[in-house]
1. Just the residues that are outside any helix (DSSP H, G or I) and either facing chain B (nearest Cβ under 9 Å) or charged (D, E, K, R) (or both), please, taken from segment A:1-26.
2. Name the residue that is surrounded by the most Cβ atoms within 10 Å (Cβ to Cβ), counting only residues in segment B:173-193 that are within 14 Å of another protein chain (Cβ to nearest Cβ) and within 17 Å of B:Ser216 (Cβ to Cβ).
3. Give the number of residues within segment A:92-120 that are in a loop (DSSP other than H, G, I, E, B), under 30 Å from B:Arg160 (Cβ atoms), of a type in the set (A, V, I, L, M, F, W, C) and within 10 Å of chain B (Cβ to nearest Cβ).
4. Among the residues of segment B:74-112, count how many are closer than 21 Å to B:Ala148 by Cα and touching a Phe, Trp or Tyr at 6+ places or on another chain (Cβ under 6 Å).
5. Is it the case that some residue within segment A:66-82 is more than 10 Å from every other protein chain (Cβ to nearest Cβ), surrounded by 17 or more Cβ atoms within 10 Å (Cβ to Cβ) and more than 24 Å from B:Ile17 (Cβ to Cβ)?
6. Where residues in segment A:33-55 are touching a residue at least 60 places away in the same chain (Cβ under 8 Å) and at the interface with another protein chain (Cβ under 9 Å from one of its Cβ atoms), which of them is nearest to A:Gly104 (Cα to Cα)?
7. Across segment B:149-172, what is the number of residues that are among the β-branched types (Val, Ile, Thr) and outside any helix (DSSP H, G or I)?
8. Kindly indicate whether any position in segment B:13-33 is without any contact (Cβ under 8 Å) to a residue 24 or more places away in the chain, more than 13 Å from every other protein chain (Cβ to nearest Cβ) and closer than 21 Å to A:Tyr8 by Cα.
Amino acid sequence: MHETSLMYDVLRTIEISASDNDIDEVTEIKLVIGNISTILPDALRFAFDSFKGHPPLAADARLVLEERLPEVECRTCGEKYPFSPLGDYTCPRCGGYDVQLNGGEELYIEYYKGREQNDC
Amino acid sequence: MNTIKAGSRMTVKRIDINTSVLANNETWAKKNARRLEDNGVYAVNLMSSPGSGKTTILQHSFQYLVPALNVGVIVGDIATTEDAERMQGKGVPVVQINTHGACHLDARMISGVLDAFDLENIDLLIIENVGNLVCPADFVFGEHLRAAVLSTTEGNDKVRKYPDMFRKADAVLINKMDLLPYVDFDMETLRRDVKGVGSRAEIFEMAARNGEGVESWCRWLIEKVRG
């Protein structure tokens, strides 16, 4: 629901970093989004497209989103198994429901790529 | 930092910044945490959907908390000062934040109102978030404890449908227990689901409208504050 303000912060962070690194054109931005964060990749992409040209240095940048799923760990028998986005985390081995989720809450800018100033 | 030569004219650099998308909020949250720590203030983020009873729980909590601790309250709502007015006259300073449409409080908003309190003389600051089971889960303030309220009338499915809120909670307060005979809500299922979404939260049952069960939550909280 707040993807627009988060995307604004992402672009602002990159704008500041680009200035520090003498980059005047950003070509690619990579974000890692955990599946159990409440951030929707589609909404982020919509926000990114809406900001196109603001700031100008990222006007032609490509947005790469990597989604990450958590791993479920059963606290009863220790079994580790894949996360079901449908929300049933019951252990397939012992039927236990006392679980721990490892990872899946990631929400960060991994990198961006850009061209340096005066580099012709 | 990797440098990739792309063609003969342009150098494309890859900058690995590994910065949180929520970095802006986290920076403010760290500032708040330091300020709270410096003043010996323990902060609680109280969250739930609208109408589950956050304000009523607080109104009934004051009788147990206030004799033991100096308490302050920040209350967040999209509009009105109704909740702040409900909590007046209990010897507790209350500051209302109106978000004017925003669905959650964030660390910067909290930072903006900390000045309204005499922090040196506050032991426990309770922050009642905007009623919403989704977004507040993502925005930390620099608080020490997160409590999520769920009322029996909302139904058992809310824990499974909004797992993030309950997974991140240190305490889950089940309110409107007095209505249990009239609704399809089952405490055994609730306990199972809280564990089932990966939460280790302490669970409290209460009927805040008549004050039942509020004391045990307050006793637990006072112990937490006294560390």
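Computed from the coordinates by the stated procedures, all read-outs in this text should not be read as laboratory data. Everything numeric in this text was worked out from a predicted model, so none of it was measured. Ideal geometry is used to build each Cβ from the backbone, glycine not excepted, and the neighbour counts take in all protein chains shown.
1. In the first step, residues of segment A:1-26 are kept if they are outside any helix (DSSP H, G or I); the result is A:1-2, A:21-26.
A:Met1, A:His2, A:Asn21, A:Asp22, A:Ile23, A:Asp24, A:Glu25, listed by residue number.
2. Within segment B:173-193, the first condition is being within 14 Å of another protein chain (Cβ to nearest Cβ), and the residues that meet it are B:188-193.
Among the residues that remain, those that are also within 17 Å of B:Ser216 (Cβ to Cβ) are: B:190-191.
Details: B:Leu190: 20, B:Arg191: 15.
Result: B:Leu190.
3. Just the residues of segment A:92-120 that are in a loop (DSSP other than H, G, I, E, B), to begin with: A:92-98, A:103-106, A:117-120.
Restricting the remaining residues to those that are under 30 Å from B:Arg160 (Cβ atoms) gives A:92-98, A:103-106.
If we keep only those that are of a type in the set (A, V, I, L, M, F, W, C) too, we end up with A:94.
Within this subset, residues satisfying the condition of being within 10 Å of chain B (Cβ to nearest Cβ) are none.
Total meeting the criteria: 0.
4. 4
5. Yes, segment A:66-82 contains at least one residue that is more than 10 Å from every other protein chain (Cβ to nearest Cβ), surrounded by 17 or more Cβ atoms within 10 Å (Cβ to Cβ) and more than 24 Å from B:Ile17 (Cβ to Cβ).
6. Initial filter on segment A:33-55 (touching a residue at least 60 places away in the same chain (Cβ under 8 Å)): A:33-37, A:39.
The next check asks that each one be at the interface with another protein chain (Cβ under 9 Å from one of its Cβ atoms); those that pass are A:33, A:36-37, A:39.
Working: A:Ile33: 8, A:Ile36: 5, A:Ser37: 7, A:Ile39: 11 Å.
The extreme case among them is A:Ile36.
7. Pass one, segment B:149-172, residues among the β-branched types (Val, Ile, Thr): B:149, B:152-153, B:159, B:172.
If we keep only those that are outside any helix (DSSP H, G or I) as well, we get B:149, B:172.
Looking only at that region, the number is 2.
8. There is no residue in segment B:13-33 that is without any contact (Cβ under 8 Å) to a residue 24 or more places away in the chain, more than 13 Å from every other protein chain (Cβ to nearest Cβ) and closer than 21 Å to A:Tyr8 by Cα.
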